[in-house]
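Undergrad: Encoded as structure tokens, here's the structure I'll be asking about.
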Amino acid sequence: MTTLLKVDHVSKIFGGLKAVEDVSMHVETGELVALIGPNGAGKTTLFNALTGVSPATEGTVAFRVGDEMVSLDKKKPYQVAKMGIARTFQNIRLFHQLSVRENLQAAMTHRYKEGFVSSILRLPAFAKQEALANKWTDEILAKLDLTDVADVITANLPYGTQRRIEIARAVATDPQLIFLDEPAAGMNPEETADLAHLIKRLQTEFGLTVVLIEHDMSLVMSLAERIYVLEHGKLIAEGTPSEIQHNDAVINAYLGGGVHA
Ligand SMILES: Nc1ncnc2c1ncn2[C@@H]1O[C@H](COP(=O)(O)OP(=O)(O)OP(=O)(O)O)[C@@H](O)[C@H]1O
């Protein structure tokens, strides 16, 4: 196994609040890892620190590019995306007035190598790129069962489908690593079962490394190979689903909520 993402002693402070405190973790290439913890534990803050959305106050983050581990510190979200890291958000952030296809194509723009002049003059090289992007879009739409709704305005689609489109859009950026922030939030049991299948496919079929924040414990326990647990900004445990379910510190953190699948 090779390490794809390495997080060393990351902290994030908001005013006087240490939302994330001295977190170190690693993600191996091809793994499906979950990050869990009670409400307000700092999970989204950590995702934001790792993806340049709201940089860490302290610590370092490195991502593998070829044989090298490259620092993500001070990188802007678009630079992080270009390096091969995609993410979805807890609250859906699609272009709601655009079609599904247009949402995916907007996510692909950094794949275009041709410049502005080539694009406005519609030079042959640009037309070739555009044809390739259309082909990629069709492939992703088909693989994520979205072909039937490709030309529908996303605002008019059910919530579960919008969540799937968010994942499709993240896939369209051609990432190596994908962060999913509470993808099952607000889904009914049937949608959640479909989602679990899709997340597994991201790993097995699309060859992606997946890091998942999720409150649905049965989803986490059935999908994750390894789990990190945050409480009050600190990592309190790391292990396999079975180890986590029997970890006293984790059971205490969830007391009343239940960590069992
Ligand atoms: N921009 C911000 N400014 C100040 N405090 C913040 C900010 N963002 C988050 N926090 C605080 O940081 C702590 C961690 O929040 P965060 O959203 O990361 O937790 P979480 O584990 O993702 O929670 P949930 O599971 O409820 O989504 C909380 O106390 C929250 O109020």
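Undergrad: Got a number for residues in segment 4-17 being more than 9 Å from the ligand (Cβ to nearest atom) and among the charged types (D, E, K, R)?
TA: 2
Undergrad: Next question, about the same structure. Collect the residues in segment 10-32 that are free of Cβ contacts under 8 Å to residues at least 12 places away in the same chain and either in a loop (DSSP other than H, G, I, E, B) or under 20 Å from Thr88 (Cα atoms) (or both), keeping them in residue-number order.
TA: Gly15, Gly16
Undergrad: Go through segment 167-206 residue by residue and tally those that are open to solvent by 50 Å² or more (accessible area, probe 1.4 Å) and either closer than 17 Å to Phe63 by Cα or touching a Leu at 6+ places or on another chain (Cβ under 8 Å) (or both).
TA: Qualifying residue count, segment 167-206: 3.
Undergrad: Looking for whichever is away from the ligand (no atom under 16 Å from the Cβ) and over 16 Å from the mean Cα position of the chain (by Cα) here; the options are Val171, Val149, Val250, Val229. Which one fits?
TA: Val149
Undergrad: Collect the residues in segment 219-251 that are open to solvent by less than 60 Å² (accessible area, probe 1.4 Å) and of a type in the set (Ser, Thr, Tyr), keeping them in residue-number order.
TA: Across segment 219-251, the qualifying residues are Tyr228, Thr240.
Undergrad: Given the conditions (1) within 17 Å of the chain's Cα centre (by Cα); (2) part of a helix (DSSP H, G or I), which single one is not true for Val210?
TA: Checking Val210 against (1) within 17 Å of the chain's Cα centre (by Cα); (2) part of a helix (DSSP H, G or I), the one that fails is (2).
Undergrad: Please indicate, with yes or no, whether at least one residue in segment 57-72 is more than 10 Å from the ligand (Cβ to nearest atom), over 22 Å from Gly239 (Cβ atoms), in contact (Cβ under 8 Å) with a residue 60 or more places away in the chain and over 19 Å from the mean Cα position of the chain (by Cα).
TA: yes
Undergrad: From the list Leu46, Leu35, exactly one residue is within 16 Å of the ligand (Cβ to nearest atom), in a helix (DSSP H, G or I) and open to solvent by less than 40 Å² (accessible area, probe 1.4 Å). Which is it?
TA: Leu46
Undergrad: Looking for whichever is open to solvent by 30 Å² or more (accessible area, probe 1.4 Å), small (Gly, Ala, Ser) and modelled with pLDDT under 80 here; the options are Ala142, Ala131, Ala125, Ala106. Which one fits?
TA: On inspection, the qualifying residue turns out to be Ala125.
The values are calculated or read from the model by the stated rules, or taken from the named source; none is laboratory data. Predicted model only: the values in this text are computed from it and were never measured. All Cβ positions, glycine included, derive from the backbone under ideal geometry; neighbour counts span all protein chains shown. To get the accessible areas, we keep the full protein, side chains included, count just its heavy atoms, and leave off ligands, DNA and RNA. Shrake-Rupley method; radii C 1.70, N 1.55, O 1.52, S 1.80 Å.
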